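See below for the structure under consideration.
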Amino acid sequence: MPSAVVLLADGTEEMEFTITFDTLVRAGVKCCSAYVPPQTDVNPPAYATGSRGIRIMYDEVFDAARFSPNSYDALIIPGGAKGAETMSNNAGVQDLVREFLAQGKIVGMICAGSLTALTSKLPRQPLTSHPSVKTQLANDYDYSDESVVISDKLVTSRGPGTAFPFALTLVELLCGAEKRDEVRAPMVFPSGTPF
């Protein structure tokens, strides 16, 4: 069974977290949510407060040693301006991004979560993000306005509206195209939905 750790922080965009987590679980991916506290927070709360004020209980507090690529097949970083800032500036998160990719494991970033590619000093490659952070990424990467961009094992996406194609792409990479179709069908997307 494939496994994934899905990060979140205060200010994480709720749809990007929940749609991705839920879709992966539907595919049989064993998921763990890990709360990345602010650098100054020595007593993490029992839940993360998302960008729209929705409280999300997490499974564990982030610890880079606990979530190594030896234990998980994918590392997922959602957006939301404040949450993405916390995660992208966390040295442990940056180290894990590099470690996952170096071991051929999947790293998914959506919305402002794509800033973690920059702070992790990933080499120039295709990616996308929320338009609000495009200027911070466009000079260092081959920026695209596509909904989902795959660059080897790095998968990036744009925002809440692209969370489903992002999540289904991750399902396909982790579990295969047949599983993607199996998960997608009962979601009952409107006829003509392109993903």
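Under a cut-off of 24 Å between alpha-carbon atoms, report the lysines in cross-link reach of K121, not counting same-chain residues fewer than 8 places apart. Result set, ordered by chain and number: K82, K105, K134, K153.
Within the chain, what percent of beta bridges assigned by DSSP are antiparallel, to the nearest 5? Looking only at bridges with both residues in the chain, the antiparallel portion is about 25 percent. Taking max minus min of the alpha-carbon positions on each principal axis, region 66-195 gives extents of 41, 34, 24 Å, largest first. Rolling a 1.4 Å probe over the heavy atoms of the protein chains gives the chain an accessible area of 45 Å² per residue.
Volume per residue of the convex hull around the Cα atoms, evaluated for region 73-150, comes out as 80 Å³.
Multiplying the residue separation of A185 and K121 by 0.36 nm and subtracting their alpha-carbon distance yields 19.3 nm. Using C-alpha pairs under 8 Å with a sequence gap of at least 6, the mean separation divided by the residue count of region 32-120 gives a relative contact order of 29 percent. Put simply, region 1-135 fits an ellipsoid with semi-axes of 19, 18, 15 Å; these come from the alpha carbon gyration tensor as the roots of five times its eigenvalues, largest first.
The values are calculated or read from the model by the stated rules, or taken from the named source; none is laboratory data. Bear in mind that the values here come from a model prediction, so they are computed numbers and not experimental data. Areas reflect the complete protein model, heavy atoms only, side chains present, ligands, DNA and RNA absent. Shrake-Rupley method; radii C 1.70, N 1.55, O 1.52, S 1.80 Å.
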